[in-house]
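The values are calculated or read from the model by the stated rules, or taken from the named source; none is laboratory data. Nothing here was measured: the structure is a model prediction, and the numbers come from that model. Methodologically, a virtual Cβ is constructed for each residue, glycine included, from the backbone with ideal geometry; neighbour enumeration extends over all protein chains shown.
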Amino acid sequence: MVGSEPQIYFYARRRAATGYVYTYALMEPQPYAASMQHHMIQEIEAHNPRFVVFVRVPPSWLMTPNSDETIFQWFDEYRSASTGWVSSRSCRSARPGISGARRRRPTRRARRHGL
C-alpha cells in the first residue's frame, strides 16, 4: 500500500510491506519527510510484495505546496519496471474523500458483533 488506506490490509487480510501505513507525515514540511520516504521505498523494495496498491488521491496524502514528491517519482519508475502490472483505476467523486465504491451490507457476523 502506498497511501494512507490501512483498511485495505484488513479487508485483503494482508500484512503491510512497510511500517508506513499512513503517509501524511511523508508530505509534511518537516526535516524527516525525505528520509521517511526513502525508508518506505527501501522497505517496499526489500519485501518485494506480490501486489502494490497505490492511492493517489489528495486526502490519502495531504500534500502541501512544499511537499517532497520523491515517493511519486519512485512509484512511476517502480511501476514501469514491474513485469506484473495488473491494473490502474481512477476514483472520482462529487464529494472529496469518497471513492464512489458502494458500501456493502454488514454480514450477519458483523451485525452480531455490532460492526
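For the reader, a short list of remarks on this structure follows.
- Flag set for A17, criterion: in contact with a His (Cβ under 7 Å, 6 or more places away or on another chain) and at pLDDT 85 or above.
- Looking across the range 63-79 at every residue that is of a type in the set (D, E, K, R) and assigned to a loop (DSSP other than H, G, I, E, B), the one that is nearest to M1 (Cα to Cα) is identified as E69.
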